[in-house]
Structures are given as structure tokens and as C-alpha cells.
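Heads up: the structure comes next, in C-alpha cells.
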Amino acid sequence: MEVVDGRNPNAKRKREGVFPNGDIDLALLEAVEKSQNAVEALDIRTLKKLVLSFERRLKDNIGARLKYPDQPDRFADSEVELHDELQKLKVLAGAPELYPELVSLNTVPSILNLLGHDNTDIAIDVVQLLQDLTDEDVFDENDEPARVLVDALVDNNVLELLVQNLHRLNDSDPDESAAVHSTLATIENLMEVKPAVAEMVCERTKLLKWLMGKIKVREFDGNKQYASEILAIMLQTSVANQKRLGQMNGVDVLLQAVAMYKSKDPKSSEEAEMLENLFDCLCCLLMPLENKERFVKAEGVELMIIIMKQKKSAYGSAIRALDFAMTKYPPACERFVDVLGLKTAFAAFMGHLEMDVDPLSGVPVLGVAGTILNVRILAGQSGILRGSRRERLLSKFVENECEKIDRLMELYMRYSDRVKAETERMDRLELDDLEMDEEEKYNRKLESGLYTLQLIAVILGHLWCSEHPQMRARIELLLKQQKLTKKDIKDILQGWLGMLVRNFSDIWLASGSGVEYQENIGDVDGPEEMERSQARIQRKL
């Protein structure tokens, strides 16, 4: 709240402490330094004084409003004083070790109740105060005091009150727009200290509905970007939130949001970040089986193919979304084939698409990540499709004298060389007495490209098992040219099988039950599916 000088409204505030010639007033600097020391010396006694003064001003304001409900000028002064007290409380962010004492003084309910104050400016003051008190920089080395404060805030309905206030803020007003951002920042801070808040805020409030409403808006602004980021965080950490948003028509809302970029690129790095957040939300949403079904029914497969054909910056994200949608879900794979998605995927796989350069990063839209995702999609299709659709997929590898098998072998050698180079590098490190356990070695190989290499081997295994004479002859010829044998492919597949077994065992043992296991990986796996996967790999071996 600003106090205007009634005598001269156009008067500018003098820069205190600066002489006309630009020199600095050393006395003022000394006074500032002393005041900073006073803040650093904040103790329980000072805290109690601040709280007592705040409670008095709060009581005065409540009394004035009750006594003169229809005469704003009679309680305006008390609200200016209340505003000042809220500003003073921000100093507590410099002493988080006092948070437990703040909670014990029962000040939290008094502060939070002001989020429903009739004067929106007072509610905005509280939002800003909460953001300062819960800032991640404040909590870095004060975990226990942070938990005490956050628990007290949550117990006193901070989530409900923040979201209720959020719904009455007008984004077109600069001050209220800033308060929207502060509200989202506070919720993010709370989730950082107490991850369970991600589910609590969705269970207890209408935040998901507000976020979807913000994402629907066509115009881009900073709060829309932040809304997409908060939504992504809440979906990444909670299967319950993924299912809840799916039931709220979230798949369709996100498809509409990304469809705005099917034929255009973001205009700024912030807008590009928002688009990436939206795709992150979509991919998280596609983990539960029921949301995959919603994606297919909403023609999400068709939209992703259109985005791929347009060759804009969302290209790679569209491939990623398709990968999530088709993983262990045959109907999505079948729809992909039926709407001629193979043509688009293979054009990118072969490098025939002349990709646009990302205007923000300056790199081609389809890079290594795009190639890897195309390999993932083809590997998934090879293992799931049946009947005429499988024949259509296999026939693609025979076209133009098996050029796609040539490309597959080219990628195989590229990633094989990367893995070998990383293996040799780790061997040299061990000679220098820098020992690594087997798990760390394996993870480093995965990072260097082993996972993609395994996927390529899976595709080659499917092609070989089709018993198509032309494809088998081509694979044998290429192996011979590269001085490789089928045993080399077999060894890679054996490593893939081992990874499946390890991943299954880790998740199964960690969950303790089949129900939890299904929730962890998308509701479609279990011991029977694991056995079928092993059997398929063994047949290829």
C-alpha cells in the first residue's frame, strides 16, 4: 500500500544518502549496516514483540470493520497499519530457526485467516509473506524448522485458503497477477518441504480445475507458464493425481493446449518452456491405462502425427507422447498403424524429413533424442502388433532393397561404438584405482547409449523371427560386412533380458504387493506379463 503526498502528488522521493555530486553518505551506510545487524540478531524476544504488535493491529482492524461496516474511511487507517505489520513480519524469513516459536505463539491461524479478508490488498500481503517464509533459499539448511512451519500451515488449511483466494484474483490487474504467481510459488515451496502436499491440494481444493482453466487460455503469459510447471510437478509425483486429472477431462484439455503449436513455434524461451511442461503433463497423464484409452478416443494419436508432419519445435515432444501412449497398450499401436503413422515415423527414422531448426536453440528439431524415440516406437510396435498390421510393419523393412534394415544396422554400429568407448574409459579409470561397482558401470553404459542399442537389437530380433528370407539374408550380409555374428546380437538381447528381470524384481520387492506394483508402472504389468516378456526374448535368443 502506498501513501501519496497530498501536498504535492507529483513530488518524487529524494534519493536519501546520495549527495548532488553523486558521493555516498557514509553515515547512512553505517546506519544501514547496523540495521542489517539488528535483523541478523533477531531473537525470541523480538519475535514476540512483532507478533504482539501484529495481533493488536489485527484486533483494531476487526473492531473498526465491525463498528463501521459501511464507512470505509473509518477503518482505512487500521488497514494501512495492518499492512505495515504484515510487512514487518517478513523479517522472520531471515531467522527460520524461530519458526517453531512462531507456531507455538499460535500466530499462524491469525495470519492465514487474513487470506479471506474483504480487502484483497491485505490478502495479497499475506500471500507475499507466505512466499517469503517458505522460500527454498530460507529452508536450505533449516529442514526441521521448515517442517514445523509447513505442518502448521497445512493443519490450519493454508491450501484451501490459498486456492479460494486464487479464484478471486484478477490476472489482468498487475498486483493481483503478481499475487497469482506468489500463490503458485508458495504451493510449490510447500510441496518441496512436504511432498504429500501434491496430493493433498488436489484432494482438498479446486486447484486442478483452476490450473486447467489457466492452461486453456490461448494468450501466453508468465502465470500460464507457471501453471503448466506446477501441474507437471503434481502429476510427476502422484499416480492418484494422474487418475484424478484424467477423470476431469484433463487429457482433452492438454491435447487442446498443445494443438495450438501444431503449426507454429513458441515466440520466446519462456513460451517454449511452457510447451515442454504441457507435454510433460501429457506424458505423465498417459501412465495409467484408463488415460491411454482416453488419449486414443480423443484422437491424440492423430494429433501427434500431425505435429510430426508439421516439423515444428514440438516434433520431438509429440514422438515422446506417442511413446508413452503406445507402451504396453495395443489399441494405441493399432490406431497408429491405421492412420498411417508408420509412414511419418519411418521418414524420420530414415532421416528423410528435412527438419526445421529450432528458432530458440538453433539446433535441428529431430536430433539424437528424436532418433531414439523413433527406435523405441518401432521396438514397441514390433512386439505388440499382430495380424495384418504386423505384416504392414514388417513390409516397411523390405521396401527399397531393405534400406531400413541398413539404417538399423548403421544405428546399431553407432551406439555399439559409443558403449565400447565408455567401457574402455571405465576400464582405464579402474587402472587408476577408481573402482566402480557393477550397478554404476551398467548405469554409465546406459547413459552412453546401451538402452538404445538394446532396442535396436530387439527390432533386429523381431525381424529375424519373422522368418522372412529377404530380411534374414540382409541381416546376415550386414553382420558379415561389420565383422559381427548373430552371437553379438544375442549378447545384447541377453543383457536386455537381464535388465527386464532386474527392473521387475526391484519394483516388485519395493512395492510388496501386486496392486502397488501395477500402480507403479502403469497398471498393465505383473508376474505373468514378466514371464511372457522373458519368453519372447528367449525365443529370439
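The values are calculated or read from the model by the stated rules, or taken from the named source; none is laboratory data. Computed from a prediction, not measured in an experiment: that's the story for all the values here. With ideal geometry, Cβ positions are generated from the backbone for all residues, glycine too; neighbour counts draw on all protein chains shown. In case anyone asks, the SASA skips ligands and DNA or RNA and just uses the protein heavy atoms, side chains included. Shrake-Rupley method; radii C 1.70, N 1.55, O 1.52, S 1.80 Å.
Summary of values
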{"quantity": "Restraint check, Lys216/Lys343; Lys396/Lys483; Lys311/Lys441, Cα-Cα greater than 30 Å", "calculated": "Lys216/Lys343; Lys311/Lys441"}
{"quantity": "Distant alpha-carbon pairs in segment 67-161 (separation over 22 angstrom), percent", "calculated": "30 percent"}
{"quantity": "Counted charge near Gln225, where neighbours are those whose Cβ lies closer than 9 Å (Asp, Glu -1; Lys, Arg +1)", "calculated": "-4"}
{"quantity": "Relative counts (whole %) of C-alpha pair distances in segment 232-280, using bins that are 10 Å wide", "calculated": "24, 49, 24, 3"}
{"quantity": "Segment 218-282 versus segment 377-434: alpha-carbon centroid distance in Å", "calculated": "32 Å"}
{"quantity": "Under 17 Å from Lys486, Cα to Cα: lysines that are on another chain or at least 8 residues apart", "calculated": "Lys540"}
{"quantity": "Environment charge at Arg392 (Cβ cut-off 15 Å; Lys +1, Arg +1, Asp -1, Glu -1)", "calculated": "+3"}
{"quantity": "Å² per residue, accessible surface of segment 406-474 at 1.4 Å", "calculated": "55 Å²"}
{"quantity": "Sites Asp338 and Asn400 - FRET efficiency at Förster radius 22 Å, r taken between beta-carbons, to 0.05", "calculated": "0.40"}
{"quantity": "Label point distance in nm, Glu144-Ile44, each placed 7 Å from Cα along Cα→Cβ", "calculated": "1.5 nm"}
{"quantity": "Förster-model FRET efficiency, 22 Å R0, Lys420 and Glu273, C-beta, rounded to 0.05", "calculated": "0.05"}
{"quantity": "Under-18-angstrom lysine pairs by C-alpha in segment 38-158, whenever the two are 8 or more apart or on separate chains", "calculated": "8"}
{"quantity": "Accessible area in the full protein assembly, largest first, 1.4 Å probe, for Met413, Met234", "calculated": "Met413, Met234"}
{"quantity": "Burial order of peptide ranges 121-132, 102-113 (average beta-carbon count within 10 Å, highest first)", "calculated": "121-132, 102-113"}
{"quantity": "All lysines inside 17 Å of Lys312 as judged from Cα atoms, apart from same-chain residues fewer than 8 positions distant", "calculated": "Lys262, Lys264, Lys267"}
